[in-house]
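Written below as structure tokens is the structure these notes are about.
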Amino acid sequence: MPRTNNEPSEFDYPLLISLAVLVGFGLVMVYSASYALSYLEWNNTTHFFARQLLWTALGIVALVIGVNIDYRVWRDWAIPIMGITLLALIVVLLFGSDEFGARRQFLNGSIQPSEVAKISIIIYVAAWLTSKGKRLQNASYGLAPFAILLGLLIGLIVAQPAISTSIVIAVTAVAMFFIAGADLLQMGIISLLGGITFGAVIFFSSHARYRVEVFVESLSNPLQTQNLQVKQAITALVEGGVFGQGLAESITKRVNSLPAVHSDSIFAIVGEELGLIGTLLILALFFFFAYRGIRIALRAPDQFGSLLAFGITTWLVFQAFINIAVITATFPFTGLPLPFFSYGGSSTVANLAAVGILLNVSRGGRGYKFNAYPSFWRRNRRTRVPDSDSRSSVGQRQPSYARTANRPRRKSR
């Protein structure tokens, strides 16, 4: 597979450095948070840490692959990727393993299609929005099919149920819709429909309704809430104070009073062991990650790259702040992992693979290129994408498919 450009490749090193700090920090905290539970359940203090190292190594491989593949390739493969994702979401509903009243995983939680679906949906939505061009503001071409498409995807994920994941996906997709050129009226309609839909889900789901009721009750005093995880998380943050109890000195994890201590609740352990300083460091890292990601989106060579970078950044940062908001009792309890920190195979690999694609956008798409056959998004429709592949930086050679798209057609006799 030939490279699309032979010029020296450069990518966003500050983003890569911040990612390395997040991943390294996360590995340290996974071990610190899990060694007591690991010894209790497996008679081995490094069981969870070793597995997380393995998943991180696989994630780094996925990141390297993502960095070295021209991001425009994913536009060609958006439909087959989305088809596989839909099939996986259906199969997991039928044959997935049950855990805590939900059916969203295979192999005892090692594989969760909803985690992979996040990046798949971002790729598909970015390709779909790019293909619409200026017609996006036409309701019949933009709002209506977008609402139907998003409703189908969200419905499969809510059915697991994974309401928190569906919220992240919905917010990310709607944000991409707005950035792509949707007007305020369309945004108002889609927001109203989304609010009504999630309101209905909460009303008819006793599980979701209970979580909202507990959240409202906990606003006055989170230390007295009925939700054990939130109550113990707040207690851990209070015990940590400004400077913390010291790395690996958390008491909460030893008495096993905080559920999901090494996964969804790991931010509380950071607060207990490293104090307010440690939690502010995590916030600063994610703010910096958001800044670099949006900067990449603004400087992307084309509309698809811009939407792709914006979607990936929105997903990872929004999910991080939802996790932190849950632990600090400022958002109803959910089971979302903290990106790059929480223990988990599917989430770790998916997160790092997504950052690999983001880094490739930052380097202008230099890398290996191979087309889907047939070219689902561009066959007989190239001129319908007004901004696609038109903004190349000075001195850079346009890819072959961009030159083909701009080639004048012969007049039929």
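Once the dipole of region 17-366 is set up with Lys and Arg at +1 and Asp and Glu at -1 on Cβ about the Cα centre, which of Leu184, Phe49, Ile322 lies farthest towards its positive end?
After comparing all options, I get Leu184.
Taking θ as phi - 60°, what are the ³J(HN,Hα) couplings along region 166-175 by the Karplus curve (6.51, -1.76, 1.60), each to the nearest whole Hz, with x for Gly and Pro?
5, 5, 4, 5, 5, 5, 4, 5, 5, 4
Restricted to Cα positions, what overall size does region 17-366 have along the principal axes? Three whole-Å values, descending.
Taking max minus min along each principal axis of the Cα atoms, region 17-366 gives 58, 46, 40 Å.
Compute the relative contact order of region 17-366 as a whole-number percentage, counting only Cα pairs closer than 8 Å that sit 6 or more residues apart in sequence.
28
Under a 5 Å amide H to amide H cut-off, with H placed in plane at 1.01 Å, what residues pair with Ile69 once short-range neighbours are removed?
For Ile69, whose amide H was placed from the backbone, the distant partners under 5 Å are Tyr368.
Provide the gained length on full extension for the span Leu94 to Asn68, in nm with one decimal, where the gain is 0.36 nm per separating residue minus the Cα-Cα distance.
In short, 5.8 nm is gained.
What nm value, rounded to one decimal, do you get for the distance between Leu298 and Glu41 when each label is placed 7 Å out toward the C-beta?
For Leu298 paired with Glu41, the spin-label model returns 4.4 nm.
A short reminder: the numbers here are calculations on the coordinates, not readings from a lab. Since we're looking at a predicted model, the values are computed, not measured. In this analysis, Cβ positions are derived from the backbone assuming ideal geometry, glycine residues included, and neighbour counts consider all displayed protein chains.
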